[in-house]
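Novice: First the structure, which I've put down as structure tokens, then a few questions once you've had a look.
Here, each number is a calculation from the coordinates, and none is a lab measurement. All of these numbers come straight from a predicted model, not from anything done at the bench. Here the Cβ is made from the backbone with ideal geometry for all residues, glycine too, and neighbour counts use every protein chain on show.
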Protein chains: 2
Amino acid sequence: MTTITTRTVAYPADGLTMIGHLALPSGTGPRPAVLLGPEGIGLSDVERRRADALAERGYVALAFDLHGGRYLSAPEEMLARCMPLLADPDRMRAIGHASLDVLRAEPRTDPDRIAAIGYGTGGAIALELGRDGVDLRAIGTVNALTTGRPGEAARIRCPVWAGVGSEDPIMSPAQRDAFAAEMQAAGVDWRVVVYGGALHAFHHPPVDHTVRPGVGHHPVHARRAWRDILGLLDECLPLTE
Amino acid sequence: MTTITTRTVAYPADGLTMIGHLALPSGTGPRPAVLLGPEGIGLSDVERRRADALAERGYVALAFDLHGGRYLSAPEEMLARCMPLLADPDRMRAIGHASLDVLRAEPRTDPDRIAAIGYGTGGAIALELGRDGVDLRAIGTVNALTTGRPGEAARIRCPVWAGVGSEDPIMSPAQRDAFAAEMQAAGVDWRVVVYGGALHAFHHPPVDHTVRPGVGHHPVHARRAWRDILGLLDECLPLTE
């Protein structure tokens, strides 16, 4: 177990003050870095602990915020904020860029070695950074097989890995096909993993006792998706190069 | 680098004398074991070296034979033999069981800890062993998302991992959907990885200079598929337990 350092970082984006969670590995000097985007419900300890786990492996990691420090556990409020956001690539990119600027400004970050991963809305933002031409080493998303504006996927120059639950009604088979077609037409190096039987947000421990149709935790596939994300980083963002 | 021992094993199956390649890890005592099935073209050094790599990791591995020691590089001959075989679950199972018996008879094999992996026709045989109710720790296949007889997938009691190239015309999207539906309906713990842009047999180095429509090597995805197979074994067939 190595000692990591964590810090809360406040920065402006989307008209709000975002409250991110920055995790630094032990040691000194620049290290490869990971931008980590949360589910649409907002940044929570789920993503903070994932950032910490990445720092324990040796990466600088920023779990970024979507909603100005708020956690939108009421589905109506979450949808009211996320649906317009997901429909607006420029807004998503602005949130992504603001977070990326914070990550790049950290002295421990090697600005030439950054990957973006994310879940749900946070994953959609990771993909939009790629479609905006940001120089990333990898993009990894879970339940975020979102498509973009025509032609822009060709700006993605890094491997893309995307995981999805087979029974996810939000990332439907038609949406998965559209995502795959977009990536393939753009000449992107892409992969999709379909986790059998998993629902939307399968990677996320239950938020409360409310039953949400189409949403559910799948601990076994959640562990696999995390290992798959780590495998993507091992491949594309090695700790020594 | 550990020292492994390899042995050619001859055994009867499907009216032929099969010539398998058995690879044993260094050390003594029983170890977990892997049955490894080749592409329809037949057993070659591609699969022999994969069995050796598994033995170097500590597994007993048997790369089994499909065609009585023959390698069917002429597509017409390969199809003439494999198409009827793939249409006959009982014949596939008989070949699989004969190979499994050889693997189980090896004193270094722990008969309670066996996984079956395979490519193409060899992968279809691995799945048929599962549908026959064989007690396996994992089934992993590459470009073999083959469906079985109605109801029999419910006999599969181990995790199933299947990889396929997105552009594989033989394992078409409709076939992938049928496979996923069969696994899901049977309550199997399953995953499918779609490797973007990869063709049929993408994991296999070129056999010769002949261009075969829909078939092609993809070295990057080939490495990923091998790592994914090793990840499946790490998860389901740990070397120590």
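Novice: Suppose each label sits 7 Å from its Cα in the direction of the beta carbon; what would the A:TYR11-B:TYR11 distance come out to in nanometres?
Specialist: 5.9 nm
Novice: For A:SER26 and A:VAL220, what does the FRET efficiency come to when R0 = 30 Å and r is the distance between their Cβ atoms, rounded to the nearest 0.05?
Specialist: Approximately 0.45, to the nearest 0.05.
Novice: If you stretched the chain out fully between B:GLU56 and B:ASP177, how much longer would it get, using 0.36 nm times the residue separation minus the C-alpha to C-alpha distance?
Specialist: 40.0 nm is the gain from fully extending B:GLU56 to B:ASP177.
Novice: Would you grab the residues whose amide H sits under 5 Å from the one on A:ARG157? Only those 5+ places off in sequence or on another chain, please, with H modelled 1.01 Å from N.
Specialist: Answer set, sorted by chain and number: A:LEU136.
Novice: For the range B:135-241, what class follows from the C-alpha gyration tensor (a ≥ b ≥ c being the square roots of its eigenvalues): rounded when a/c is under 1.5, otherwise prolate if a/b is larger than b/c, else oblate? Could you put the intermediate results ahead of the total?
Specialist: Details: a/c = 2.51, a/b = 1.35, b/c = 1.86.
Taking the square roots of the gyration eigenvalues as a ≥ b ≥ c, the range B:135-241 is oblate.
Novice: Per residue of the range B:22-27, in order, report the coupling 6.51 cos²θ - 1.76 cosθ + 1.60 (Karplus, θ = phi - 60°) as ³J(HN,Hα) in whole Hz, putting x for Gly and Pro.
Specialist: Couplings: 9, 10, 10, x, 5, x Hz.
Novice: Enumerate the calculated ³J(HN,Hα) couplings along the range B:31-39 in order (Karplus 6.51 cos²θ - 1.76 cosθ + 1.60, θ = phi - 60°), each rounded to whole Hz, writing x wherever the residue is Gly or Pro.
Specialist: After applying 6.51 cos²θ - 1.76 cosθ + 1.60, I find 10, x, 9, 10, 8, 10, x, x, 4 Hz.
Novice: Would you work out the charge dipole size for the protein assembly as shown about its Cα centre, treating the Cβ of every Lys and Arg as +1 and the Cβ of every Asp and Glu as -1, and quote it to the nearest 20 debye? Each step should come with its number before you reach the end.
Specialist: Values: 48 positive and 58 negative charges, 122 e Å.
Its charge dipole is roughly 580 debye.
Novice: Right, next: If you place +1 on the Cβ of every Lys and Arg and -1 on the Cβ of every Asp and Glu, how big does the dipole about the Cα centre of the range B:5-236 come out, in debye to the nearest 20?
Specialist: My answer is approximately 380 debye.
Novice: Work out the charge dipole of the protein assembly as shown with +1 on the Cβ of Lys and Arg and -1 on the Cβ of Asp and Glu about the Cα centre, then indicate which of A:LEU233, A:PRO150, A:ALA74 is farthest towards its positive end.
Specialist: Of the listed residues, the answer is A:LEU233.
Novice: What's the magnitude of the charge dipole for the range A:91-217 around its Cα centre, counting Lys and Arg as +1 and Asp and Glu as -1 at the beta-carbon? Answer in Debye, nearest 20.
Specialist: Dipole size: approximately 120 debye.
Novice: Something else now. So what's the back-of-envelope 222 nm ellipticity for chain B, counting only DSSP H runs of four-plus at -39500 (n - 2.57) apiece and dividing by all residues, rounded to 500?
Specialist: The helix-only estimate for chain B comes to -11000 deg cm²/dmol at 222 nm.
Novice: Quick query: amide H of B:ALA162 versus all other amide H atoms, modeled in the peptide plane; which residues come in under 5 Å with a sequence gap of 5 or more or a different chain?
Specialist: B:THR141, B:ARG191, B:VAL192, B:VAL193
Novice: Among chain B residues, which Cβ is nearest the axis of the B-onto-A rotation, and at how many Å?
Specialist: B:VAL193, 2
Novice: With the contact rule set at Cα under 8 Å and sequence spacing of 6 or more, what percent relative contact order holds for chain A? Intermediate results must be reported in sequence, preceding the final value.
Specialist: On the way: 533 pairs, mean separation 38.9, N = 241.
About 16 percent, as a whole number.
Novice: Let me ask something else. Expressed as a whole number of Å, what is the distance separating the alpha-carbon centroids of the range B:69-115 and the range A:129-200?
Specialist: 36 Å
Novice: Taking amide H positions as placed 1.01 Å from N in the peptide plane, with prolines and chain starts having none, which residues 5 or more places from B:GLY69, or on another chain, fall under 5 Å of its amide H?
Specialist: Under 5 Å from the amide H of B:GLY69: B:ILE19.
Novice: On to the next question. If I model a spin label at B:ARG227 and B:ASP101 as a point 7 Å from the Cα along the Cα→Cβ vector, what separation in nanometres do I get?
Specialist: Computed distance between label sites B:ARG227 and B:ASP101 equals 4.0 nm.
Novice: Next question. What are the ³J(HN,Hα) couplings of the range A:187-193, residue after residue, when phi is run through the Karplus curve with 6.51, -1.76, 1.60 and θ = phi - 60°? Round to Hz, x for glycine and proline.
Specialist: After applying 6.51 cos²θ - 1.76 cosθ + 1.60, I find x, 6, 7, 10, 9, 10, 10 Hz.
Novice: OK, next. Would you mind calculating the relative contact order of the range A:4-119 from Cα pairs under 8 angstrom and at least 6 residues apart, reporting the percent as a whole number? Please list the in-between numbers first.
Specialist: On the way: 227 pairs, mean separation 40.7, N = 116.
Taking the mean separation of contacting Cα pairs over the length of the range A:4-119, I get 35 percent.
Novice: Would you please classify the overall shape of chain A from the alpha carbon gyration tensor, given that a ≥ b ≥ c denote the square roots of the eigenvalues, rounded means a/c under 1.5, and beyond that prolate means a/b larger than b/c while oblate covers the rest?
Specialist: rounded
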